Amino acid sequence: MEGQNPMPFVELPASSPGPGCAPFSIHYREYGRGAPLLFLHGGWGYGVYPVDRQVEEFRKELRIVAPDRYGYGRSTQVMSELPLDFHRRAAEETLALMDALEIASAAIWGHSDGAVIAAMIGLKAPERCWKLILEAFHYFRSKPGSQGFFQRFSAHPEDLAEKTQRLLAEDHGEAHWKKVVARNCKAWLRLGDGSASPYEDLYDGLIGKLAVPTMFLHGRFDPRTEPGELERAWTELPGATIRIVENGQHSPHSEDAAYEECNRTMKEFL
């Protein structure tokens, strides 16, 4: 794509993914010019839910940076299972990436697991983000409504739709994509198993301390959302903006029926 950085790798010395993981290489995409907008992908990687339509819409006003986290895409691969604090570790990794790219502060837009990571960055280092967009946000550690989904695809990622398999293989490689899917599903199952109650949250009860201007961007028909989950997050953070994309599912930004509304909403917020 025109305007993409031709040398999209940085090496990070920190070992946030876990002991013995440093140094590691992070691949990233970069488009446009202007104020930085950092996109953090979900648990299956960038390729299933890309931001092509947002690049087309915003590249004249924004510098859009979309990294592959450790273990995803073209970044350093990981063979072990994800630790239970993988969101926190990814937040530390993202801050290190921002340092390497000399991004002092950015609007940070996270999708799904990326939204959890973005919120944790806002709590840990509010000076590094001037706005947060939390799309397909997760609040609860336990996801009983997704239990069957996680169990099925942790054991049989080959049951995914053919198009999804193709996108995952293009992103992570034919030999690696099944491990990416299984690893993420197993991590969420373990998060649920380790929860003290069905309402234990991912943020140690601190989400209400988030001081960065925040928008929850959520598809009306997101199948990964538990009953009352988004309402609970908004109750804890009543100053946030909440926008429900009426025709949206789990990834409004990339869905044919939802991306235009998503783009309008993002432009208004940013």
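The values are calculated or read from the model by the stated rules, or taken from the named source; none is laboratory data. These numbers come from a predicted model, not from an experiment. Every residue, glycine among them, receives a Cβ derived from its backbone with ideal geometry; neighbour counts consider all protein chains shown.
Of note:
One line per residue, one yes/no per condition, for (1) out of contact with any Pro (no Cβ under 9 Å at 6 or more places or on another chain); (2) surrounded by fewer than 19 Cβ atoms within 10 Å (Cβ to Cβ):
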{"residue": "Val116", "(1), (2)": "yes, no"}
{"residue": "Lys131", "(1), (2)": "no, no"}
{"residue": "Phe137", "(1), (2)": "yes, no"}
{"residue": "Phe140", "(1), (2)": "no, no"}
{"residue": "Phe150", "(1), (2)": "yes, no"}
{"residue": "Asp159", "(1), (2)": "yes, yes"}
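- Some residue of the range 76-86 being in contact with a strand residue (DSSP E or B) (Cβ under 6 Å, 6 or more places away or on another chain), farther than 25 Å from Gly34 by Cβ and surrounded by fewer than 22 Cβ atoms within 10 Å (Cβ to Cβ): yes
- Any hit, the range 177-193, residues being surrounded by fewer than 17 Cβ atoms within 10 Å (Cβ to Cβ), aromatic (Phe, Trp, Tyr) and either over 15 Å from His138 (Cβ atoms) or modelled with pLDDT under 95 (or both): no
- Entry remark, the range 20-47: residues being touching a helix residue (DSSP H, G or I) at 6+ places or on another chain (Cβ under 6 Å) and surrounded by fewer than 22 Cβ atoms within 10 Å (Cβ to Cβ) number 1 in total.
- In the range 214-241, the residues that are farther than 17 Å from Phe150 by Cα, under 18 Å from the mean Cα position of the chain (by Cα) and outside any helix (DSSP H, G or I): Thr214, Met215, Phe216, Leu217, His218, Gly219
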